[in-house]
1. Among L212, L296, which is over 24 Å from R674 (Cα atoms), away from the ligand (no atom under 16 Å from the Cβ), buried (at least 21 other Cβ atoms within 10 Å of the Cβ) and touching a residue at least 60 places away in the same chain (Cβ under 8 Å)?
2. Between a residue in segment 405-418 that is without any contact (Cβ under 8 Å) to a residue 60 or more places away in the chain and any residue that is aromatic (F, W, Y), which pairs come within a Cβ distance under 8 Å, given they are 6 or more apart or on different chains?
3. Tally the residues that are at pLDDT 50 or above, under 26 Å from D297 (Cα atoms) and hydrophobic (A, V, I, L, M, F, W, C), restricting the search to segment 1-32.
4. With the requirement that a residue be farther than 26 Å from P663 by Cα and under 9 Å from the mean Cα position of the chain (by Cα), what does segment 153-183 give you?
5. Just to be sure I understand, how many residues within segment 182-210 are basic (K, R) and under 20 Å from P146 (Cβ atoms)?
6. Scan segment 120-153 for residues that are under 18 Å from Q79 (Cα atoms), within 15 Å of the ligand (Cβ to nearest atom) and aliphatic (A, V, I, L, M) and report the count.
7. Determine which member of the set A63, A76 is small (G, A, S) and away from the ligand (no atom under 14 Å from the Cβ).
8. Among (1) buried (at least 23 other Cβ atoms within 10 Å of the Cβ); (2) within 22 Å of Q279 (Cβ to Cβ); (3) aromatic (F, W, Y), there is one condition F206 misses while meeting the rest; what is its number?
Amino acid sequence: MAAAQGSPVILAQDTRGTASQRAAAVLRQMTAAEKLTLLEGYFATDFAASKYTAPAESREGSAGYVPAIPRLGVPAQWQTDAGLGVATQGGARHKRVATALPSGSLMAASFDPALAYEGGGMIGGEARAYGFNVMLGGAVNLLRDPRNGRNFESAGEDPLLAGTIVGAEIAGVQSNHVIDTAKHFALNDQETDRGTGNFNIAEAAFRMSDLLAFELALERGRPGSVMCAYNLVNGLHACESPFLLKQVLRDEWAWPGYVMSDWGAVHSTAASANAGLDQESGFGLQRAGWLAPEKLDAALRKGEIAPERIDLMTSRILTAMFANGLIDHPVTRTTPIDFAADQAVARRVAEGGIVLLKNERNLLPIAAAARRIVVIGGHADKGVLSGGGSSQVYPEGENAVPGLKPTSWPGPVVFYPSSPVEELRKLLPNARVDYAGGDDPAAAAALAREADLVIVFGTQWASESIDVAPRLDGAQDALIDAVAAANPRTAVVLETGGPVLMPWADKVSGIVEAWYPGRMGGAAIAEMLTGKVNPSGRLPMTFPKTLDQLPWPGEPRHKEATYTEGATVGYKWFDAKGEQPQFAFGHGLSYTTFAYGKLQVRRAGEGLVASVRVTNTGERAGGEAVQVYVSGRGWEAPRRLGGFSKVVLWPGHSTTVNIPIDPRLLAVWDTAKRGWARAAGLYTVTVGHSSRDFASSVRLRLPVSHLPPGWKPEASLNRAPL
Ligand code: BGC
């Protein structure tokens with residue numbers, strides 16, 4: 001590598017050419033040392049355990065920092081977590097105040113990519129204002145196990161839903177001239193042994209499940225970066241897997257961004273760089289520094305890495321920086337944050353993804369005549385729960401319920417100051433709303449006995465780096481039993497990361513899944529309970545009745561494990577095994593009713609378009625997630641989600657929705673012939689309210705089809721080249 005010729009100051013600001021041409025022009029001027037500086041990221045929070053002090057130029061208390069090259073006009077990369085808002089590392093002394101969106105599971109439950117885009121846009125806006133230009137959001141790992149402590153960060157169990165929602169959120173983040181990241185590539189589907197576990201899966205099953213979710217998220221979101229995962233996949237660390245990082249990402253998907261590692265997920269120098277890792281993250285959090293300049297230099301000298309490889313790694317990073325506007329629209333930290341506007345976004349998202357699971361005896365919405373309402377448990381007098389770990393976003397002021405354990409990593413346990421009780425009082429000025437903490441079930445039951453309606457809040461705290469029991473924390477199941485026995489007019493509002501078992505499900509009249517509903521969660525819950533907002537969320541994951549219904553009923557998998565269920569994930573497993581879930585994927589009730597006309601299906605290119613007229617036949621305006629399922633022979637499951645569309649209708653109004661069905665969802669991955677293979681034969685397309693509640697079907701004969709690896713729908717090809 002030649003030393004720089006001359007000094008073309010601020011070369012990067014020459015706006016002529018495409019992103020890759022501009023990257024190439026800068027690369028030509030870089031010294032060998034400058035190139036290497038882009039390949040190693042520092043942890044950006046002081047870390048006492050390894051006596052590490054974050055670089056002074058990094059943003060305090062954040063996840064990562066890659067130094068600038070001022071001579072050439074290349075800015076620093078300031079990285080922070082991102083999926084639910086602008087996060088601050090748990091170990092940071094000062095917490096950055098930012099707007100917390102609801103969890104990823106709620107976002108997925110909205111079945112609404114437009115809402116996900118809006119939420120992403122809000123995050124990216126606050127990120128810019130705080131001086132971040134690389135966001136570590138976009139968790140697209142599939143929910144394979146309800147016990148995964150990080151289920152709340154990602155978007156459920158279905159590859160189409162997860163890829164679509166996360167892709168839309170990524171696009172929203174990036175609409176602010178910042179880079180976003182799709183993570184954790186791949187199969188980081190549990191936290192137990194995440195750093196050492198080797199998770200095996202057959203290739204075809206992998207292609208039709210987790211990889212498909214990533215493929216769709218990348219097509220739709222076009223993230224500048226992909227983060228390789230902590231775990232091993234089929235025997236190799238994800239960050240040194242040529243299959244994942246070269247064959248799939250580059251050769252097949254032709255994805256042009258750069259691969260950054262998860263924080264401490266690198267285990268080699270040459271093997272990682274040659275496999276397709278472009279940037280190591282988190283130096284300082286762990287001391288290895290496998291892509292540190294001196295290690296890369298040594299590998300270059302020994303011929304283990306070719307100079308062209310370093311150029312490729314550097315140019316990928318630079319290209320993503322140019323393509324996403326990091327150079328032409330530098331972050332300045334001067335924009336004030338309009339927190340009121342951002343909280344309105346958080347509230348809209350929460351309103352779109354809270355799911356009404358059960359509603360008997362017309363319990364909800366709360367009747368205008370109700371005079372005495374008793375709310376029990378879940379710290380509902382103070383706020384709403386959030387999930388822990390690197391995605392944790394901190395609210396203004398105090399944590400609404402400080403001091404709960406664990407108070408440090410993987411905690412703290414944070415409640416946002418949006419109290420459902422206070423919000424209910426505002427919306428029900430003529431009712432008396434009492435609150436009891438629930439520590440004393442007998443006292444709670446006594447209070448409940450007197451009420452017109454009882455609402456029990458049930459919480460499950462989940463966090464990165466731990467897996468959790470799929471049930472409410474502590475003795476809350478017994479509390480609900482006691483309260484429901486005292487007053488059957490009881491609704492349970494859940495704040496959980498993912499599915500929980502509900503041994504009390506038959507004893508209560510109403511169940512609401514509010515997930516971790518974010519900074520405005522209390523308001524959104526109260527609006528939904530009182531009918532000011534009509535619930536329109538749908539489950540993005542199956543809620544099992546018992547653990548033995550799961551493919552892996554015992555404990556979470558350990559160390560060396562095989563995902564034997566393959567692509568038969570979630571509802572696909574339940575359908576294939578004939579198991580009856582507690583609540584099915586796609587399920588969610590409304591305060592109105594929707595009727596479907598006759599389904600029509602036509603061919604469009606290699607795929608299909610399903611059309612159906614939807615009418616709001618009830619008395620309230622409401623949103624419906626129209627779901628189209630497809631069935632073919634020899635698949636991993638009786639049906640797959642083929643497409644969906646969220647519509648909002650006034651009472652008595654109708655609309656026709658046209659839902660495209662991606663041809664990859666009509667095919668299976670053929671490992672021998674390499675690509676997506678559709679056999680000639682009969683296929684069924686079904687429209688319904690959930691994966692178990694169908695309205696109308698069409699059977700049609702389709703011819704044989706073969707799509708090569710990396711096949712993309714036309715819409716995603718019609719984009720400007722980088
Ligand atoms: C997590 C990533 C996160 C990173 C930086 C890791 O522990 O797995 O999701 O982006 O930390 O905070």
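1. That would be L296, the only listed residue that is over 24 Å from R674 (Cα atoms), away from the ligand (no atom under 16 Å from the Cβ), buried (at least 21 other Cβ atoms within 10 Å of the Cβ) and touching a residue at least 60 places away in the same chain (Cβ under 8 Å).
2. Matching pairs, first to second residue: V413/W461; V414/Y394.
3. 9
4. E153
5. 1
6. So the answer is 6.
7. From the options A63, A76, the qualifying one is A76.
8. Of (1) buried (at least 23 other Cβ atoms within 10 Å of the Cβ); (2) within 22 Å of Q279 (Cβ to Cβ); (3) aromatic (F, W, Y), only one is false for F206: (2).
The values are calculated or read from the model by the stated rules, or taken from the named source; none is laboratory data. Since this is a predicted model, take the numbers as computed values, not measurements. Note that we place each Cβ from the backbone using ideal geometry, even for glycine, and neighbour counts take in every protein chain shown.
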